[in-house]
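Notes for the one structure printed next.
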Amino acid sequence: MADGFGLGWDGVREGGLAELGVTAWHKNGGTNIYGSELFVLPDEGLALFITGTSRTYGPIALAERIVLNALVERGRIAAFPAPLAATPLTPVAASDQQLAEISGIYANYTGLARIEPAGRRLALSTYADGAWSAATSLQLRSDGTFSSDADPLTAYRSVLAQGERYLVKRSAGAVLGQGLKHHLEEFPYMQRLNPGGAMLPAWSSRLGLQGLVVNSAADSLDLLTPMGTLLQPAPAELSGYVLNYSDQLLDAWSSKESARMCLKIPYIHGRDLSDFVIVPHSGEEFVRIGSSVFRPLPGVPVLASASTTTVTIGAEGYAEWRSITATATAPGVAITGASAWKLYDGSFALLASGDSTSQPTPPASASKSYLLLYGGTGTTIGVTLS
């Protein structure tokens, strides 16, 4: 398998360096606007940290390249490693048992995959935007793995562990799909799904639910895209399951208050799994997914025109959403008592942000616009439309 765990580290054996007999502890990190990588080589007296305002520049590959060049200069390794040759292994005929063992629908923390027999081969497809992709044909190879001729360095096999069937993936480079691709790493990739129960009516009625985040700080990146479809139907083959906004699979047959995550995958492809929990709040069903709380979009109150509306920040400190009816002319808006506010158009594109010293200026629009209001617990905010 790929990595050993370390307290506070992604792993204590960075694969690209371990392949050459060098120990490196490593930690990757990033958001939707930056990527970083930390290497510590305890036996070499070396450390490296890189960060950049993108996730696409390949921090793992860049970190490996810098450290490997340093090790060549020191004479610690003889030469800079070359990428592996993409040469398919010898194909062999798969038995009915081998095909049946690996076939099924699998899931990890980012989505779904389906593996089906196709003659003496396998057809692998992934699920996104409500549909299965065109299938990739996989052939059994002489080493017992399945791979395609087009991408022979990526291979799959199945493993039964603790009563669950897992899809194990082998690829060139690091587990995250980066690295210089001079070595192979194998890691638990997906878990095969067991049949679900009958979906409870409460979850059927919540499919397609749209929600607005209420507990992110006013300067949070979450507020660049504050609205999302929180709950989606799973593929027809997965009766009783639903998908959250991250395409994570949830059990929708055990409880009407909580759709539960149902995967146990070691290492990175089992990370960040969250239940979908209904949180009753002032007569509405708020939703908690991980640490985020959402208010259902249909429950957002409409601000009365030509009057002042009082908005109170509740005991939880949740930000308050209000909508402004579409108008042929730009409405005037005056806010008092808010520590911060944000103005969105009907598609929830951010139009403007401000604090207690500034005021929003909504444009004339054929659709609603939305205000997000911040203040301390118990704060009373006044919003006047004219």
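Looking only at the stretch 320-329, decide whether some residue is touching a helix residue (DSSP H, G or I) at 6+ places or on another chain (Cβ under 8 Å), among the hydroxyl-bearing types (Ser, Thr, Tyr) and closer than 29 Å to Arg206 by Cβ. There is no residue in the stretch 320-329 that is touching a helix residue (DSSP H, G or I) at 6+ places or on another chain (Cβ under 8 Å), among the hydroxyl-bearing types (Ser, Thr, Tyr) and closer than 29 Å to Arg206 by Cβ. Among the strands (runs of 3 or more DSSP E) confined to the stretch 323-386, the ones with at least 1 residues that are open to solvent by 60 Å² or more (accessible area, probe 1.4 Å) and within 23 Å of Ser220 (Cα to Cα) are located at 333-336, 350-355, 380-385.
Take the conditions (1) under 12 Å from Ala94 (Cβ atoms); (2) assigned to a strand (DSSP E or B); (3) not hydrophobic (A, V, I, L, M, F, W, C); Gly144 misses just one of them, which is (2). Remark: Val279 matches the filter, which requires a residue to be within 23 Å of Leu223 (Cα to Cα) and without any contact (Cβ under 8 Å) to a residue 40 or more places away in the chain.
Any residue in the stretch 255-267 that is at pLDDT 95 or above, closer than 30 Å to Ala326 by Cα and either among the hydroxyl-bearing types (Ser, Thr, Tyr) or buried (at least 19 other Cβ atoms within 10 Å of the Cβ) (or both)? No, the stretch 255-267 contains no residue that is at pLDDT 95 or above, closer than 30 Å to Ala326 by Cα and either among the hydroxyl-bearing types (Ser, Thr, Tyr) or buried (at least 19 other Cβ atoms within 10 Å of the Cβ) (or both).
Looking across the stretch 301-313, just one residue is at pLDDT 95 or above, surrounded by 14 or more Cβ atoms within 10 Å (Cβ to Cβ) and not in a strand (DSSP E or B), and that is Ile313.
Conditions tested, residue by residue: (1) open to solvent by 30 Å² or more (accessible area, probe 1.4 Å); (2) closer than 16 Å to Gly179 by Cβ; (3) at pLDDT 85 or above; (4) charged (D, E, K, R).
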| site | (1), (2), (3), (4) |
| --- | --- |
| Gly6 | no, no, no, no |
| Gly16 | no, yes, yes, no |
| Leu20 | yes, yes, yes, no |
| Lys27 | yes, yes, yes, yes |
| Tyr34 | yes, no, yes, no |
| Val40 | yes, no, yes, no |
| Gly45 | yes, no, yes, no |
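Looking across the stretch 279-300 at every residue that is among the charged types (D, E, K, R) and under 26 Å from the mean Cα position of the chain (by Cα), the one that is least open to solvent (accessible area, probe 1.4 Å) is identified as Arg295.
Among all residues of the stretch 171-189, there is none that is more than 29 Å from Ala18 (Cα to Cα), in a loop (DSSP other than H, G, I, E, B) and open to solvent by 50 Å² or more (accessible area, probe 1.4 Å).
Please specify each residue of the stretch 104-114 satisfying the condition of being open to solvent by less than 70 Å² (accessible area, probe 1.4 Å) and part of a loop (DSSP other than H, G, I, E, B). Listed by number, the list holds a single entry, Tyr109. Take Ala252 and decide whether it is surrounded by 14 or more Cβ atoms within 10 Å (Cβ to Cβ), at pLDDT 95 or above, in contact with a helix residue (DSSP H, G or I) (Cβ under 8 Å, 6 or more places away or on another chain) and of a type outside the set (Val, Ile, Thr). Against the criterion (surrounded by 14 or more Cβ atoms within 10 Å (Cβ to Cβ), at pLDDT 95 or above, in contact with a helix residue (DSSP H, G or I) (Cβ under 8 Å, 6 or more places away or on another chain) and of a type outside the set (Val, Ile, Thr)), Ala252 qualifies. For the stretch 216-249, filtered to residues that are in contact with a helix residue (DSSP H, G or I) (Cβ under 9 Å, 6 or more places away or on another chain) and closer than 16 Å to Glu285 by Cβ, the residue that is surrounded by the fewest Cβ atoms within 10 Å (Cβ to Cβ) is Leu231.
For the stretch 91-103, the tally of residues that are surrounded by 19 or more Cβ atoms within 10 Å (Cβ to Cβ) and either in contact with a Ser or Thr (Cβ under 7 Å, 6 or more places away or on another chain) or in a strand (DSSP E or B) (or both) stands at 1. Note on the stretch 115-165: among residues that are among the charged types (D, E, K, R) and within 20 Å of Ile265 (Cβ to Cβ), the one that is surrounded by the most Cβ atoms within 10 Å (Cβ to Cβ) is Arg157.
The values are calculated or read from the model by the stated rules, or taken from the named source; none is laboratory data. The shown structure was predicted, so the numbers you read here are calculated from the model rather than taken from an experiment. Counting neighbours? That spans all protein chains shown, and the Cβs are built from the backbone with ideal geometry, glycine included. For the accessible areas, the whole protein counts, side chains as well, though only heavy atoms, and no ligand, DNA or RNA atoms are used. Shrake-Rupley method; radii C 1.70, N 1.55, O 1.52, S 1.80 Å.
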